[in-house]
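Chemist: The structure follows.
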Amino acid sequence: MTKIAIFASGSGSNFESIMTQIEEGNLPNIEVTALYTDQVNAYCIERARKYNLDVHINELKNFPSKADYERKIIEWLTSEQVEWIVLAGYMKLIGENILKAYNRRIINIHPSLLPKYKGKDAVGQALESGDTITGTTVHYVDSGMDTGEIIEQWTCDIYTDDTKEQLEERIKVMEHKLYPKVISKIIQ
Ligand code: GRF
């Protein structure tokens with residue numbers, strides 16, 4: 001079994017798609033030790049309850065520095081013997097101590113065809129750009145914002161009458177298939 005931790009800050013639909021694939025037996029060698037979140041009210045916490053999964057809630061504001069905040073995370077990761085970290089809508093950059101401990105063993109999913117539209121509101125950026133194609137990217141995590149080596153990208157159309165919500169939804173449908181596939185390929 002390879003132990004992974006999933007980090008999320010928001011809704012957690014990607015987190016749930018991974019849990020569903022595990023439950024359905026499609027990731028037979030993956031064990032999620034816990035959901036790690038930095039947001040006390042995030043919906044991903046509700047989703048974790050459905051799977052009786054441990055949740056670590058860790059708020060940056062309770063620590064004197066980001067390094068101290070991450071030290072707490074590393075304590076949990078170490079005690080759970082986590083081997084890989086999967087970011088699924090985690091809204092913080094990973095600091096140097098976690099990066100050092102998990103070199104090339106942290107992945108992220110981002111809703112654009114990187115290197116285009118890094119950072120916040122990638123879907124809005126793509127919509128406003130006039131592009132007719134966008135997509136989603138799974139990549140290794142480095143110290144930059146959505147800058148790590150690309151592992152896999154899937155594309156979808158942008159229609160002229162798309163709302164941001166419609167495009168977001170089209171991308172998420174892809175993400176829920178792509179992320180478990182990549183996890184299966186590179187982690188297990
Ligand atoms: C996804 O679109 C992912 O690409 C990005 O944040 C979003 C998270 O959505 N990093 P959810 O919380 O998994 O629904």
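Chemist: From the list E152, E165, which residue is assigned to a helix (DSSP H, G or I) and of a type in the set (D, E, K, R)? Give the derivation first.
Modeler: Details: E152 fails: assigned to a helix (DSSP H, G or I).
Going through E152, E165 in turn, the sole match is E165.
Chemist: When only residues in region 115-137 that are in a strand (DSSP E or B), free of Cβ contacts under 8 Å to residues at least 40 places away in the same chain and within 12 Å of the ligand (Cβ to nearest atom) count, which is surrounded by the fewest Cβ atoms within 10 Å (Cβ to Cβ)?
Modeler: The initial filter retains those residues of region 115-137 that are in a strand (DSSP E or B), namely 133-137.
After this cut, where a residue has to be free of Cβ contacts under 8 Å to residues at least 40 places away in the same chain as well, the list is 133-135, 137.
Now narrow it down to the ones that are within 12 Å of the ligand (Cβ to nearest atom): 134-135, 137.
Details: T134: 24, G135: 22, T137: 26.
My answer is G135.
Chemist: Same structure, new question: Would region 14-22 turn up any residue that is within 22 Å of G148 (Cα to Cα), within 14 Å of the ligand (Cβ to nearest atom), in contact with a Gly (Cβ under 7 Å, 6 or more places away or on another chain) and not in a loop (DSSP other than H, G, I, E, B)?
Modeler: Just the residues of region 14-22 that are within 22 Å of G148 (Cα to Cα), to begin with: 14-15, 18.
From what's left, within 14 Å of the ligand (Cβ to nearest atom): 14-15, 18.
Add one more test, that the residue is in contact with a Gly (Cβ under 7 Å, 6 or more places away or on another chain), and what stays is 14.
From the residues that got through so far, the ones that are not in a loop (DSSP other than H, G, I, E, B) too are 14.
Within region 14-22 (the criterion being within 22 Å of G148 (Cα to Cα), within 14 Å of the ligand (Cβ to nearest atom), in contact with a Gly (Cβ under 7 Å, 6 or more places away or on another chain) and not in a loop (DSSP other than H, G, I, E, B)), the answer is yes, since at least one residue qualifies.
Chemist: Within region 156-180, work out how many residues are touching a strand residue (DSSP E or B) at 6+ places or on another chain (Cβ under 8 Å), free of Cβ contacts under 8 Å to residues at least 40 places away in the same chain and surrounded by 15 or more Cβ atoms within 10 Å (Cβ to Cβ).
Modeler: Looking only at that region, the number is 4.
Chemist: Okay, moving on. Across region 83-101, what is the total count of residues that are of a type outside the set (A, V, I, L, M), more than 13 Å from the ligand (Cβ to nearest atom) and in contact (Cβ under 8 Å) with a residue 24 or more places away in the chain? Break it down stepwise before answering.
Modeler: To start, the set of residues in region 83-101 that are of a type outside the set (A, V, I, L, M) comprises 83-84, 89-90, 92, 95-97, 100.
Next cut, more than 13 Å from the ligand (Cβ to nearest atom) only: 83-84, 95-97, 100.
Still in the running and in contact (Cβ under 8 Å) with a residue 24 or more places away in the chain: 83-84, 95-97.
Within region 83-101, residues that are of a type outside the set (A, V, I, L, M), more than 13 Å from the ligand (Cβ to nearest atom) and in contact (Cβ under 8 Å) with a residue 24 or more places away in the chain number 5.
Chemist: Follow-up question, since we're still on this one. Considering only residues that are among the hydroxyl-bearing types (S, T, Y) and within 16 Å of the ligand (Cβ to nearest atom), which ones fall in region 40-82? Step through it out loud before you land on a result.
Modeler: Keep residues of region 40-82 that are among the hydroxyl-bearing types (S, T, Y), which gives 43, 51, 65, 69, 78-79.
Within region 40-82, Y43, Y51 meet the criteria.
Chemist: Sort through V32, V82, V40, V86 and tell me the only one that's assigned to a loop (DSSP other than H, G, I, E, B), aliphatic (A, V, I, L, M) and surrounded by 14 or more Cβ atoms within 10 Å (Cβ to Cβ).
Modeler: Result of the check over V32, V82, V40, V86: V82.
Chemist: I've got another one for you. Confirm whether V82 is at pLDDT 95 or above, over 22 Å from D142 (Cα atoms) and under 19 Å from the mean Cα position of the chain (by Cα). Walk me through it before giving the result.
Modeler: Details: at pLDDT 95 or above: yes; over 22 Å from D142 (Cα atoms): no; under 19 Å from the mean Cα position of the chain (by Cα): yes.
So V82 fails the test.
Chemist: Looking at (1) crowded, with 22+ Cβ neighbours inside 10 Å; (2) more than 11 Å from the ligand (Cβ to nearest atom); (3) among the small types (G, A, S), which one does S112 not meet, given that it meets all the others?
Modeler: Unmet for S112, out of (1) crowded, with 22+ Cβ neighbours inside 10 Å; (2) more than 11 Å from the ligand (Cβ to nearest atom); (3) among the small types (G, A, S): (2).
Chemist: OK, next. Tell me, please, whether a residue that is part of a loop (DSSP other than H, G, I, E, B), at negative phi, crowded, with 21+ Cβ neighbours inside 10 Å and in contact with an Asp or Glu (Cβ under 8 Å, 6 or more places away or on another chain) can be found in region 57-73.
Modeler: no
The values are calculated or read from the model by the stated rules, or taken from the named source; none is laboratory data. Here the structure is a predicted model, which is why all the values come from computation and not from measurement. When we count neighbours, we look across all protein chains shown, and the Cβ atoms used for this are built from the backbone with ideal geometry, even at glycine.
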